[in-house]
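Okay, so here's the structure we're looking at.
Where a number appears in this text, it was derived from the coordinates with a stated rule and is not lab data. Source: prediction; values computed, not measured. Cβ placement follows ideal geometry from the backbone for every residue including glycine, while neighbour counts extend to all protein chains displayed.
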Amino acid sequence: MNCNRLNSKLKVLALIGIGLAVLCAGPSALAASAEGSADAPLGSAESVLIFSIPTLAWADVTAEKTPHLDALLRQSVIADLSVRSVTRDTSATDGYTTLNSGTRAEGAPEGMLAYLSPEGTLAQQFYVQTGKLPATGEVFNLGLVPVLKINESLLYGAEVGALGTALSQAKVTRAVIANGDHSTAQGQMTYRREASLGLMDEHGIIDSGEVGRRLLEDDDRYPFGVRYNNEEVADSVGSFLKPKSVVLVEASDMVRAAQAQLLATTAQQEVIRSQAITHSDALLGLVLKKVDLSKTAVLVVAPNAVDDGSSLTVVGIRAPQVQPGLLSSGTTRRAGFVQTVDIAPSVAGFLGVAIPSSMEGTLMERKGSGGTYEQRTEMLVSESEAAIFRDSVVGPASTLFVLVQLLLWVLAILTFSRSSTGLRKGVEIATLGVLVYLPITYLAGIFPFEQWGSAAFWAFVILGSALVASGIYALTQRFLVDPLLATLGTILVLLSVDIVIGGPLQFNTVFGYTPTVAGRFNGMGNPAFSMFAASAIMASALIAYRVVGRRGTWLGIALLGWAVLLDGAPFWGADVGGALAMIPAAGVTAWMLLGLKVRARTAALWGAISVLVVIGLGALDLTRPPAERTHLGRLLADIGTNGYEALNTVVLRKLDANFSVLSSSVWTLMLPLVFAFIAYLFWKSPWRLQTIAERIPQERAAVAGLITAMVLGFALNDSGIAVPGIMLGVISASLIHLMLRVDDDLPRESVAVGADENALEPSSGA
């Protein structure tokens, strides 16, 4: 090995060392600068009252007359609640089961069947099914066994009844008060007592409560001719709420209203819902008279959304030592947003009960004031609307990106067969427009398109892409790779700035993430990683080509180092799967840019480095407070407590998610589309691809890196095929652009003047 190559390898190792040093210093520096804005814990309480108002959204609170609810929430820390559980269709039984488990879980229809012991022969039947005979006065859920079986087959590691069991072991009494029963037109009784799932222990039992008919009274003005007897419900709360207790009372008129709305006209649906909200608000007023607010934490929560969907709902906590403001948690790390899984740890935290290690949720904390109460609620309503709007356009936006790739290839082939300069230039600009389309969708998040409508959104995205692409082309068209390099640079700069300042453009945008999906609330999402990684790898090769000699090579490698740092750092991208994919991909690309051969041991080395760096990042993450840790730190903590079974669960869940979307994702179409046209080129005009390789020899390094990133990105991220799908979209548009540009025989115009005798050329075996 000659000295130049030895020096090159030493420089690669030095860059890695510098990057790790920055990673080590970064969290401490950031933590020191953020001390003044640290999250505030919610403190402790003698007892906890959970007031459940199923399906209630912040838009309901601002639109309806709810004086008691308003008065309580003005004194509370509040947030949008992400009710997403295992699937997008989160039912009431899913919501309560997840609330109790502290981990994503599924309920079962049988979970609606709860009774006060003794109630006929049902207690004996419960004993036959479970081996546990409920004592007189205890509430038991006959759906326990189906709920257990469902969750045993899932890959979330949920322990059904985890909160109830933890409270029971700590000698904290539990009570549930709920009855959403109603009869059908045929006179059949429908039992709706699923609220019991929220506090039952692992045996399906709650210490006490009231779930029977005595909570109801006949009233023909209400759905199904029945409504809550608010005075009876409030009296029950007063009898069960005592020191070291948790009482869950459900505003069950909301349950009957949701069912009745399915049978009502559009106009009457609004009347029914408004009536239920008003009656539930009156119930809250009576209940609060039974509560000593100086010693009791009151948690208002809507555990499921309208139509069993994943829309955002209401959550608020009024506690003795907590100032009004916004809620956050370690699972979201975003002010104004928490998840259902965070409720159980927080209830346990109020009472000083040890949080079970099976819970993925974290303690909720106060995250700033968020302005006045009106400003807080306005923000929560706006974000909820933005999430719904984002979900409505993400499908069409993804489909458009895929279909335009097909159009680009057709136009490219047409251009190859004609000598029209205007057509060629138009297609070249169009390829840039397709790439610019990606960052433009993030910029769209700045504007309230949920209020302006989809027509305004599409006008902004399409016209914005065309204008920006035309501007880039006009300014850079003189030299071969400049238009593509500038466009890829636009993607890199936008995403870099966004992630460094906290990812505001990632949230509720088409290729970002949303609280209704609840896969991620901060850092770099999988779609962003896909376009960022593909752009960084290609741009590094283009920079190495554009700037002659060592300077260009090291500038390209430095870009790859930045990409790894931004994506993997827990205080920025916090992307575990992305880092595990990006480090080997960047390593292979850098290795080949230096003219070094990639052998099996080289690949193994970069794989080992990837694992070690991610473990190092996780160790750094563990040094931060629990509420500030990313999912990487929480995973390592879980492994430390529960062993490698925790890692096994995560890996299996990701693999299951990856393969489950193969047949349903539009991104699956990207693979045969791009590969078919590349195969066509090899068949019809292989010299076009060969010409690119001859003009831009660094392209081979990019190809190797991109293949590595796509394969590992698919395997290690739960978005599955979307990762290589988006990458292929970036690669496809870039390849078409380069083929057209190479055909134009444009000059290189290197930044460095003259030859560099120390320039590193890719070896023939690279």
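Going 7 Å from the Cα of residue 323 in the Cα-to-Cβ direction, what parts of region 364-389 have a backbone nitrogen less than 18 Å from that spot?
365-377
Among the listed pairs 290/367; 242/289; 244/290; 289/367; 132/242, give every one whose C-alpha distance is greater than 22 Å. Can you show the working numbers first?
Numbers: 290/367 30 Å; 242/289 14 Å; 244/290 16 Å; 289/367 29 Å; 132/242 26 Å.
From the list (290/367; 242/289; 244/290; 289/367; 132/242), the Cα-Cα distance tops 22 Å for 290/367; 289/367; 132/242.
Place the peptides 566-572, 465-471 in order of packing, highest mean first, counting for every residue the other Cβ atoms within 10 Å and averaging per peptide. Don't skip to the answer; put the middle values down first.
On the way: 566-572: 24.7, 465-471: 17.6.
Ranking the peptides 566-572, 465-471 by packing returns 566-572, 465-471.
With a Förster radius of 51 Å, plug the Cβ-Cβ distance of residue 295 and residue 407 into 1/(1 + (r/R0)^6) and report the FRET value to the nearest 0.05. Can you show the working numbers first?
Working: r = 66 Å, r/R0 = 1.30.
About 0.15, to the nearest 0.05.
Hey, rough spin-label estimate for residue 265 and residue 418, points 7 angstrom out along Cα→Cβ, what's it come to in nanometres?
5.7
Among 718, 70, which comes first, then next, by fewest other beta-carbon atoms within 10 Å?
Values: 718 19, 70 15.
The order, fewest Cβ neighbours first, is 70, 718.
Per DSSP H run of at least 4 residues, take -39500 (n - 2.57); add these up for the chain, divide by its residues and hand me the 222 nm value, nearest 500 deg cm²/dmol. Each step should come with its number before you reach the end.
Details: 26 runs with 419 residues, N = 766.
One gets -18000 deg cm²/dmol as the mean residue ellipticity at 222 nm.
Search the structure for amide H atoms under 5 Å from the amide H of residue 80, placed 1.01 Å from N in the peptide plane, and list their residues when 5 or more places away or on another chain.
337, 338
Would you order 281, 80, 218 from fewest to most other beta-carbon atoms within 10 Å of each residue's own beta-carbon?
Working: 281 21, 80 29, 218 10.
The most exposed by this proxy come first: 218, 281, 80.
Taking the Cβ of each residue in 545, 228 as the centre, tally the other Cβ atoms inside 10 Å and list the residues starting with the fewest.
Numbers: 545 23, 228 28.
Ranking 545, 228 by Cβ neighbours within 10 Å, fewest first, gives 545, 228.
Under a plain spin-label model, where a point goes 7 Å from the Cα along Cα-to-Cβ, how far apart in nm are residue 374 and residue 127?
Each label point is offset 7 Å from its Cα along the Cβ direction, giving 6.1 nm.
Excluding residue 46 itself, calculate the net charge of residues whose Cβ lies under 10 Å from the Cβ of residue 46, where each Lys or Arg counts +1 and each Asp or Glu counts -1.
Details: positive: 242, 244, 295; negative: 292.
Here the count lands on +2.
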